[in-house]
Each structure stands twice: as C-alpha cells, then as structure tokens.
Amino acid sequence: MAFKFIKIGFVLVLWIFVRCESRTESQSTAYDGRNFEQSMHADPDIFQVTKTIDGDTFWVLNHTGKKIKVRLIGIDAPETRDVFKKKKHPLGQVAKDYLDNMLKQNPYIKLTFDVDSLDQYGRSLAYAYLSDGTMINEQLIKYGYAVLMTIPPNIKFEKTFSEAQNIARENKMGIWKYSVSE
C-alpha cells in the first residue's frame, strides 16, 4: 500500500517537473526559425534586419513596417569611421562584416530590452537573438569583435558579457589578438 502512494507521488512530481520545464522553454529567447515572417507578425519582439551600420548598430523593421535603429546593449565595437570623439579603428570594418554576415544569414531576430530602451540619440537599446536563441551581443564580445561597455541601468547581462570578454582575451580573439595591454 505504501509503495502505491510512493509510486503515485513519484508520477505526480514528475508531471509537475515536466510542466514547469515546458513553461520555461516557452519563455526562452528562441523562436521558430523556419517561419520567420509568421513569427514576426505573431510576436512583436521579432524584427526584420534591413541594414548593418557598424559592429554594434543596425536598422530593423518591426511588425508594422516601422524602421527602427538599434544599438546593441552592453557592447562597444570598433568604429568603421571617425564619429564624434571616437576614431576609426582598423578592426572596425572586420567587426561590421562579422555582424553583417550573421544578420544576413538570420534576417529575422528577436529583440529584448532592459531598463532604458532608448539612448541619447534616439536609438533603441536592445539585446538581439538569433532564431536558435544565440545572443548576438554576447557572440560579438566572445569572439573579440566588441568589448564590454556597461552603462547603468542596463546591466542585466553584465556578468555574462564579462565572462565572454575573458574568453576572448584569454584566447586572443579579434581585438585581443592585437592588444598590448591586459
């Protein structure tokens, strides 16, 4: 008799675990990569990339067709040209090409936002994800195409980005390949 209750209890716990797991999965950043356009119209967080500006900025269309300029949160890619006080960097075009290639292969992306959703120039500040859930911001840092740049209050992934930068630095990837300072 006690064994029967243990068996029922085990099945009940297993059922609860499976239900919780399926809810967590549905809240992930991945989306159906085979039906991008359907995903875009069904989910307002899915955007179509139209143009890459540099290694951390690009243009998208939202589900209503509105053009939005996006600046990736938490990262700073080398500049492709002299902008304000920042000077053109030799690896700026390389970083832009890496991001451009990633976005051309995945023209529909998911954007999520942090505390501040706009910067001082009116650009949308976002974390960007490929259809498989890969975070673009993190990838750019991890492979040395950008560095960590934390501007509070948008600090949700600061630790993740710091760890990615350590990987790039230790493996001398991208900009870290040519860095003389540690």
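Strictly over 20 Å apart at the Cα level, which of K96/K177; K66/K110; K69/K104; K69/K96; K69/K172 would you flag in this model?
Over 20 Å apart, Cα to Cα: K69/K172.
How big is segment 36-175 on each of its three principal axes, counting only the C-alpha atoms and giving the largest first in Å?
Computed over the Cα atoms, the extents are 41, 31, 29 Å.
What are the ³J(HN,Hα) values, in whole Hz, obtained from phi via the Karplus relation 6.51 cos²θ - 1.76 cosθ + 1.60 with θ = phi - 60°, for each residue of segment 154-165 in sequence order, with x given for Gly and Pro?
Couplings: 7, 10, 3, 10, 4, 5, 4, 5, 5, 5, 5, 5 Hz.
Out of residues 5 or more away from V147 or on other chains, whose amide H comes under 5 Å of its own, with H placed 1.01 Å from N in the peptide plane?
Counting only residues 5 or more places away or on other chains, the set is D76, A77.
For segment 36-175, build the charge dipole from Cβ charges (+1 Lys, Arg; -1 Asp, Glu) around the Cα centre, then report which of V49, I109, H63 sits farthest towards its positive end.
Towards the positive end, the residue furthest out is V49.
If each residue of separation counts as 0.36 nm, what is the full-extension length gain between D132 and N171 once their alpha-carbon separation is subtracted?
Between D132 and N171, full extension yields an extra 11.6 nm.
Rounded to the nearest 20 debye, what is the charge dipole size of segment 36-175 about its Cα centre when +1 sits on each Lys and Arg Cβ and -1 on each Asp and Glu Cβ?
That gives a dipole near 480 debye.
Test of understanding: ordering I73, I141 by Cβ neighbours within 10 Å, fewest first, what list do you get?
Final ranking by Cβ density, sparse to dense: I73, I141.
Every read-out reported here was derived from the displayed coordinates using simple, explicitly stated rules and does not represent laboratory data. No experiment lies behind these values; they were computed from the predicted model shown. Don't worry about glycine lacking a Cβ; one is built from the backbone with ideal geometry, like all the others, and counts go over all protein chains shown.
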